[in-house]
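Encoded as structure tokens, the structure appears first; notes follow it.
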Amino acid sequence: MSVISGQSPGQGPGELGEGFDAGFESEGQLPPGVGPWKLAWRRLRRNRVAMFFGFVFLLIVVVCLLAPVYSTDIAHIGPNYGNPTGTFTLNGKTQFVLSQIGIPIGPTWDIHHYFLGADDQGRDVAVRLLYGGRTSLMIGAVATLITMIIGTLLGVFAGYFRGWWDAILRSANDVVWTYPAVLLGITIGTVLNIHGIGPLHGTNALVPAVVIGFVYVPYVFRPVRGQVLTLRERDFVDAARQQGLSHWRIMTSEILPNLSSTIVVFVPLIMANSILLEAGLTYLGAGVQPPNASWGTMISDGINNDIPTAFHNVLIPGLMLVIAVMSINIFGDGLRDALDPRSKIRVAR
Amino acid sequence: MSATEPPLLEISDLRVAFATEDGTVQAVDGVSFTVSRGEVVAIVGESGSGKSVTAMTLMGLPRGSNATFQGTATFDGTELVGASDEQLRRIRGAGIAMVFQDPMSSLDPVYRIGDQIVEQIRAHERKISKAQALDRAVTLMERVGIPRAAERLRSYPHEFSGGMRQRVMIAMALSCSPKLLIADEPTTALDVTIQAQILEELRKLRDETDAGVILVTHDLGVVADIADRVIVMYAGRVVEQGVLDDIFYDPQHPYTWGLLGSITRIDSDRSQRLPAIPGMPPSLLSPPKGCHFRPRCPHAFEKCVEVPPLEGHVANRPESLDRCWLTEDRKRALRQVDGQVGLRSTEPVIS
Amino acid sequence: MLRFVVRRMLVMVALLIVISMFTFAMFVLLLPNGNPAALLAGRLATPAEIHLISVRYGFDKPIYIQYIDTMKNIFTGQAYSYQSSFNVLDEIRAGMPATLSLAIGAGLIWLLVSILFGTIAAVRAGKYADRVLTVLSMIGVSMPPFFFGAILIYYVAYKANIIPIGGYVPFSQSVGGWFGHLVAPWITLSILFIGFYSRVLRSSILDSINEDYVRTARAKGLSERQVLIRHSLRNSLIPIISLWGLDFAQVIGGGAILTETVYNLHGVGELARDSIGRLDTITLMEIVILTGIAVVVIGAIVDVLVAYLDPRIRLA
Ligand SMILES: Nc1ncnc2c1ncn2[C@@H]1O[C@H](COP(=O)(O)OP(=O)(O)O)[C@@H](O)[C@H]1O
Ligand code: SF4
Ligand SMILES: [Mg+2]
């Protein structure tokens, strides 16, 4: 067998399928009447692994959204309620939340009482895990939204107008790009925490969301700009220009739709990295501020207080984070393969 | 061709199918032909008719996990279809060499020209020293008309023009004295004057060695220059084959008429490749029933829903074969358009 | 080639200036009422004391003069942290051995292992080895370094007692100690990049299968291994090396903050974190400029390396 399976060299790019969306060139023979999105969906659905992890992520989202239900109706304890001297009965025996020497109890596997154990302040880890998930996912989503909107807008702008606009935007992006992401994140995060702009200050969880959203802009800006540079030379853009359409109209109705698959591919990638960066910034004290729970605060509390006494406080939120991020990554990979089988985009770290 | 000697290459009922997400693409659908030593066989047909897949199958190149092969292709006593990797490796480059369509991208951008030629020589002649191989490379480059060869040995591909790169590809292909040279649209990406020079090199090669040549092209003008025999392919099948003059002066298949019509019309400028046959080749995922040309053929009739066999229809010309249900007389009458051979341009019959 | 390098250098110097201004501006923004003197003097200071401090540090001068003075101090090695009153350059120098050791070790590991994994995954695409490596790299890119570090510290250092729990031992003091303290940080930092790079390399190699020159290589009669190593891999390495340049430079400039912190390496990254925490503008600016310089210098080296790998750039 040949070393590498996959497409054989028979088909040169552009030989066939000329009329399709940029991402679909050299796709071989497409049955007529099947749109690119439908085709992508068909491919994605066939990718069992990607679908499975997409489902896992969805499940995590739903469960985290149900945090208040679990908190009030099942565990009967709030996320920030510490009960260091408390006791409860487990299988008829009385248990201490924290032991005599202050070591928190590990997972009890009893859905009503400290299912996943307690932290060093006697708070319920399971409840905090769900609330923390809400925060982490919310920050991830908001940050992604910010990154995608700013990155796309600036990218389209720079690529479409070129010249000075492009030069300025590109240098601005290079500045952000040269800064290590974490360093930039804690710098801005600290600035906003202390000084603040409007509602963005102190313990508001929007602060890390905005910071992270800003940090990843270049990862979207670069590829979008590149694609717009080629798109603007295409015939249909020329035609639109000849018809006297305004720049705004050309950008929104001619160029943006052609970017849609690129944009969609980036959403899960940015989301996964945003959630990771939240945890990192929080660990360094520049992200989510206590007593708010997020996966980041939980891991970092665990690392600071519970090694080696109660490692479950690191392990549980850490694994949860890894599973969530990994699910997004794997789903995102499948999505990219489905949308753009020959893609060569640079992905964010 | 002497009667006793077996042909250099004998392809019989070759079928190549690609499994894709949307179904099976039958890219080559029962192709048979032979090539003899010292003979130039041209394969012509529109883009997508399966010419490249046929050619590359001989080299074992389209071996993606999605490809399946049937039929036989015997080269110099060796069966190529289903040959082992090692068998194929020995034949590639040494027994059969190939020149590809796009010289701009067919050479590895990161290695010197000389090293790339040497690499091929040393792949087959393990004992030869690098210096010897380089000497041979210089000779080869001079032979295909690259000036200052010894110097240019050290150049990188991007320092060469398209025509020069194609010469390098030819030099490389000749480096192990192959018995069969396959040139897949060697001039398509080049401009007209360069085209002529490259064809001249191929012709010289044919004259100087005893190698058989398969020339794949969609340009009948190129064919007229150089071919001994012509095979016309359409949608994965051979629709007509014969000696050069017969194909040009007494073509039997309506598709061939269309191809010929397109060159006579733009005779003066053969670099133009306007599709003179209305319509598009069919999807090989779900080709039309019967004659594949039926949807575009203005002469189609009821019988055409059955697959016409590739048979001889012309008296005293057993080497002329075609796949059309029309009788010889009907063909002679129908192919005259404005006093020339061509395909009548009525609206194609859609079925 | 020379012109290419010079132009690149000029661009990067301009970039450095902008980066330092950006950092400076952020911290001016940050300080209460724009007056760092008040912050330094403490809450109980009298206006007279604040004024004294203002004059001493030059906070009464216009912003751009302050910026220029700061830059001058940074480049003459005369910059002192307002907060700790240490010489910033000395502090960075103290953190450099740990950071360099981390960067060089991890940089080599992640480059070599990614090439290995990416190649294997591409060659065995769709097969068992590829699936395993895909899973591993997916975990790798989804793993926060401080979480992975905590796992190693707890299980390998604390429970199994195989490695020390953290800290840094200079090479000059004990080679074994240096190595022992760095193994876990190297692995931790590498994992992140291995996951990402090996995926990039895998898809780059798989894409190259469709390249015409790879088809030519096969048509020449090369063995599959020769085709893979000499042609597919060789060409696919070019983008990997460029990627590596930027990441490596950032780690040298203190970008591996999370790894340094979880292992208590006391490197430049930790210094950066601490200086942000105490609003130490000068130190942070100097570190950021250092990162920029690392990016410029290593970028230039990597450019040469890439040019060596890719003659199209070399001779352009
Ligand atoms: N690896 C492959 N997978 C699927 N279809 C393929 C593959 N290689 C070639 N084909 C299809 O086979 C048909 C014939 O292609 P080709 O031989 O390149 O045509 P030609 O060289 O005559 O222009 C085309 O429709 C092409 O899409
Ligand atoms: S068989 Fe029928 S459809 Fe086919 S070419 Fe002949 S006349 Fe036309
Ligand atoms: Mg072809």
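The values are calculated or read from the model by the stated rules, or taken from the named source; none is laboratory data. If you're wondering where the values come from, they're calculated on a predicted model, not measured in any experiment. Glycine also receives a Cβ, built like all others from the backbone with ideal geometry; neighbour counts cover every protein chain displayed. With ligands, DNA and RNA removed, areas are computed over all heavy atoms of the protein, side chains included. Shrake-Rupley method; radii C 1.70, N 1.55, O 1.52, S 1.80 Å.
Some points to look at:
- Estimated distance in nm for a label pair at B:S47 and B:E208, the labels positioned 7 Å out from Cα along Cα-to-Cβ: 3.3
- Looking at chain B, the accessible area is 41 square angstrom per residue; that uses a 1.4 Å probe and ignores ligands, DNA and RNA.
- Linear extension gain, A:L319 paired with A:L153, 0.36 nm per residue minus alpha-carbon span: 56.2 nm
- Virtual spin-label span in nm between A:S253 and A:W37, 7 Å along Cα→Cβ: 1.8
- The C and B chains share an interface that buries close to 2100 Å² of accessible area, total over both sides, probe 1.4 Å.
- When exposed loop sites are taken as trypsin sites (Lys or Arg not before Pro) in a DSSP loop with at most 16 other Cβ atoms within 10 Å, the longest stretch of chain C clear of them is C:128-277.
- Summarising the amide proton neighbourhood of A:G82: residues at separation of 5 or more, or on other chains, whose placed amide H is nearer than 5 Å comprise an empty set.
- Coordinate range along principal axes, alpha carbons of the range A:206-300, Å, largest first: 59, 19, 15
- Computed in the context of the full set of protein chains, the accessible area of the protein assembly as shown at 1.4 Å probe radius has 61% of its extent on carbon or sulfur.
- Spatial separation of Cα centroids for the range B:1-58 and the range B:147-175, in angstrom: 29
- Globularity index of the range A:129-330, i.e. its alpha-carbon radius of gyration over 2.2 N^0.38 Å: 1.18
- Taking the helices alone, the protein assembly as shown has a mean residue ellipticity at 222 nm of -17000 deg cm²/dmol, built from -39,500 (n - 2.57) per DSSP H run of at least 4 residues and averaged over all its residues.
- Listed by chain and number, the aspartates and glutamates whose alpha-carbon sits under 16 Å from that of B:K204, ignoring those within fewer than 8 places in the same chain, are B:E39, B:E142, B:D225, B:D228.
- Inter-probe distance in nm under a simple model that places probes 7 Å from Cα toward Cβ, at A:K93 and B:E125: 8.5
- Axis of helix C:128-141 versus longest Cα principal axis of chain C: the two differ by about 10°, to the nearest ten degrees.
- The protein assembly as shown: C-alpha pair distances exceeding 40 Å, %: 54
- The range B:23-154 shape via C-alpha gyration tensor axes, a/c threshold 1.5: prolate
- Accessible area per residue, Å², the range C:88-315 with all protein chains present, probe 1.4 Å: 35
- Taking every alpha-carbon pair in the range C:216-264 and binning the separations at 5 Å intervals from zero gives 5, 18, 15, 12, 11, 9, 9, 8, 7, 5, 2, 0 percent.
- Between the alpha-carbon centres of the range A:89-129 and the range C:124-199 there is a gap of 31 Å.
- Buried accessible surface for the A/C chain pair comes to about 5000 Å², total over both chains, computed with a 1.4 Å probe.
- On Cα atoms only, tilt of A:48-65 relative to the major axis of chain A in degrees: 50
- Sequence-distant aspartates and glutamates (8 or more away, or on other chains) whose Cα lies within less than 13 Å of C:K72: C:E286
- Mean Cα-pair separation over length for the range B:1-61, i.e. relative contact order, pairs under 8 Å, 6 or more apart, %: 31
- With coordinates expressed along the principal axes, the C-alpha atoms belonging to chain C extend over 85, 56, 35 Å, beginning with the largest.
- Highest-MSF residue in chain C out of C:Y67, C:Y80, C:Y213 [GNM, Cα springs under 10 Å]: C:Y213
- Exposed loop sites here mean GluC sites (Glu not before Pro) with a DSSP loop assignment and at most 12 other beta-carbon atoms within 10 Å; chain A contains its longest site-free run at A:19-232.
- For the range A:268-288 and the range A:173-249, distance of Cα centres in Å: 17
- Backbone N within the range C:112-150 under 18 Å of label point (7 Å from A:R48 Cα along the Cβ vector): C:126-135
- The range C:1-120: Cα Rg divided by the 2.2 N^0.38 Å rule of thumb: 1.52
- Of all aspartates and glutamates in the structure, the ones whose alpha carbon falls short of 16 Å from that of C:K159, not counting any fewer than 8 places away in one chain, are A:D306.
- Measuring between alpha carbons in the structure, the pairs from B:K303/B:K331; B:K130/C:K220; B:K51/C:K127; B:K289/B:K331; B:K51/B:K289 lying more than 24 angstrom apart are B:K51/C:K127.
- Angstrom value of the Kirkwood radius, inverse mean 1/r, which spans all Cα pairs in chain A: 22.7
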